[in-house]
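Participant: This is the structure I want to talk about, given as structure tokens.
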Amino acid sequence: MTQHAPLIIDAAGTTLSAADRRRLAHPLVGGIILFTRNWQDRRQLLELCAAIKDVREDLLICVDHEGGRVQRFRTDGFTHLPPMRALGELWMQDGKGSKHREGSGALRAMQAATAAGYVLASELRACGVDFSFTPVLDLDWGPSAVIGDRAFHADPRVVAMLSRALMQGLLQAGMANCGKHFPGHGHVAADSHTEVPVDRRSLGAILQDDAMPYDWLSNVLTSVMPAHVIYPRVDKRPAGFSQKWLQDILRGRLGFDGAIFSDDLSMEGARRIDGQVVSYAEAAAAALAAGCDLVLLCNQSVGEGRAVDELIEGLDAARTAGRWQPSEASEARRVALLPQTLPQPWDELMVQPAYMQALELLP
């Protein structure tokens with residue numbers, strides 16, 4: 001086992017360049033995140049994923065593939081998955097008049113959520129992808145356009161139940177899960193891709209609402225991604241750089257023991273720590289020191305990819321200087337996210353009864 005490979009990076013195109021291969025072979029790199037620019041068709045994606053595994057078999061191939069507007073692969077047979085809000089709306093539909101059956105909407109919604117997880121994971125795995133950053137556990141408070149219909153519901157109980165059902169579908173297809181964005185991004189309007197959102201609620205208020213799904217799901221979540229949001233009544237740092245949020249609350253108070261990913265370090269919300277703009281390597285070291293096991297840098301390989309090289313070299317230097325220490329426990333959590341079963345080939349999947357039934361259950 002590698003001592004600790006915390007970096008998740010990206011690639012510029014539909015095939016690996018020599019620079020991509022060099023970066024992926026570095027011992028600090030533990031995986032790759034794919035985007036729509038890495039997609040042409042299923043055959044190309046399968047070949048790309050095989051090329052990544054040829055560099056190193058234990059690299060974790062990731063993607064943001066939630067359904068709705070966040071779904072990277074949409075053509076050549078991929079099912080268009082509904083936004084998670086559609087499942088929350090289904091939960092509320094118990095029928096009218098003589099067709100009203102208390103709780104029937106909830107049961108149908110849970111069936112549909114499990115089906116969505118199974119379709120999502122089985123299609124990705126058939127093309128060589130190991131892992132998707134899903135489900136979104138944020139509450140649908142209303143103000144957050146960046147979350148919006150990506151959230152299941154405003155009620156944390158509904159979010160927890162539908163997320164658990166979706167994770168069951170992922171598990172049936174051999175895929176781990178990632179709850180995001182801890183402790184909750186749905187209450188703030190600002191988009192952390194371009195701003196630094198601030199949520200001024202108290203710790204008690206956040207734990208009673210937004211963070212409740214993480215408490216209820218702590219024994220089934222395999223990974224968590226914290227928000228690039230500052231909660232100043234708890235800590236002056238964004239949650240992804242906060243020991244209090246990640247170690248004291250998430251691990252200590254809520255008992256979570258899976259992997260913790262940083263959100264994308266190229267986002268505006270990750271570029272400022274304690275009011276200062278920092279480098280990608282400094283941000284990575286700070287996230288790891290706060291309690292993250294893995295850190296993402298997205299969309300920086302396009303062109304010459306200097307930012308990716310600077311991150312790798314900078315984190316290597318931070319390790320040498322003692323500003324960051326590799327963790328065997330973190331590496332074990334990364335490896336645990338890799339699928340433990342062989343995927344179903346696409347053509348066989350298309351006629352598999354469980355898959356065909358799942359398609360019929362989608363809203």
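Participant: State the antiparallel share, in %, of DSSP beta bridges confined to segment 14-132, rounding to the nearest 5.
Facilitator: Details: 2 of 8 bridges.
So the antiparallel bridges amount to about 25 percent of the total.
Participant: Would you work out which of ALA112, SER17, GLY97 lies farthest towards the positive end of the dipole of the chain, given +1 charges on the beta-carbon of Lys and Arg and -1 on that of Asp and Glu, about the Cα centre?
Facilitator: GLY97
Participant: Moving to a separate point now. In what sequence, highest mean first, do 231-239, 37-45, 5-13 appear when ranked by Cβ atoms within 10 angstrom? Write out the running numbers ahead of the final one.
Facilitator: Working: 231-239: 20.2, 37-45: 17.4, 5-13: 23.2.
Highest mean packing first, the order is 5-13, 231-239, 37-45.
Participant: Can you bin segment 38-159 into rounded, prolate or oblate? Criterion: square roots of the alpha carbon gyration tensor eigenvalues sorted a ≥ b ≥ c, rounded for a/c under 1.5, prolate for a/b above b/c, oblate for the rest.
Facilitator: Prolate, since a/c reaches 1.5 and a/b exceeds b/c.
Participant: Per 0.36 nm of contour for each residue apart, how much would the distance between THR341 and GLN168 grow if the chain were fully extended, relative to their Cα-Cα spacing? Intermediate results must be reported in sequence, preceding the final value.
Facilitator: Values: separation 173, 0.36 × 173 = 62.28 nm, distance 1.55 nm.
Result for the pair: 60.7 nm of gain on full extension.
Participant: With unit charges on the beta carbons (Lys and Arg positive, Asp and Glu negative) and the dipole taken about the Cα centre of the chain, which residue among ALA307, GLY322, LEU362 sits farthest to the positive side?
Facilitator: The Cα lying farthest towards the positive end belongs to LEU362.
Participant: Out of MET225, MET110, MET350, any idea which swings most in a Gaussian network model of the chain, alpha carbons joined below 10 Å?
Facilitator: Looking only at MET225, MET110, MET350, the largest GNM fluctuation is found for MET350.
Participant: Put a dot 7 Å past each Cα toward the Cβ at LEU107 and GLU360; how far apart are the dots in nm?
Facilitator: The answer from the label model is 1.7 nm.
Participant: Could you sort 113-123, 51-61, 280-290, 97-107 so that the peptide with the highest average Cβ count within 10 Å comes first and the rest follow in order?
Facilitator: Working: 113-123: 25.7, 51-61: 17.1, 280-290: 23.4, 97-107: 10.8.
Descending packing order for the listed peptides: 113-123, 280-290, 51-61, 97-107.
Participant: Hey, got the dipole for segment 7-361? About the Cα centre, +1 on K and R Cβ, -1 on D and E Cβ, debye to the nearest 20? Don't skip to the answer; put the middle values down first.
Facilitator: Working: 36 positive and 44 negative charges, 97 e Å.
The calculation lands at about 460 debye.
Participant: Does segment 260-320 classify as rounded, prolate or oblate by the C-alpha gyration tensor (a ≥ b ≥ c root eigenvalues; a/c under 1.5 gives rounded; else a/b over b/c gives prolate, otherwise oblate)? It would help to have the intermediate numbers written out before the result.
Facilitator: Working: a/c = 1.45, a/b = 1.21, b/c = 1.19.
Since a/c stays below 1.5, the shape of segment 260-320 is classed as rounded.
Participant: Provide the net charge surrounding ARG42, with neighbours chosen by a C-beta distance below 11 Å and charges set as Lys +1, Arg +1, Asp -1, Glu -1. Please report the intermediate quantities before stating the final value.
Facilitator: Numbers: positive: ARG43; negative: ASP41, GLU47, ASP76, GLU123, ASP347.
Once all neighbours under 11 Å are counted, the net charge is -4.
Participant: A further question follows. Rg and Dmax of the chain over Cα atoms: what are they, in angstrom?
Facilitator: Rg then Dmax for the chain, in Å: 19.8, 71.
Participant: Here is a follow-up. For the chain, with the dipole built from +1 on Lys and Arg beta-carbon atoms and -1 on Asp and Glu ones, taken about the Cα centre, which of HIS185, PHE35, GLN340 lies farthest toward the positive end?
Facilitator: The one lying farthest along the dipole's positive direction is HIS185.
Coordinate-derived values only; no laboratory data. Treat the numbers as computed from the prediction; the structure is a model and nothing was measured. Reconstructed Cβ throughout: ideal geometry from the backbone, glycine too, with neighbour counts over all protein chains shown.
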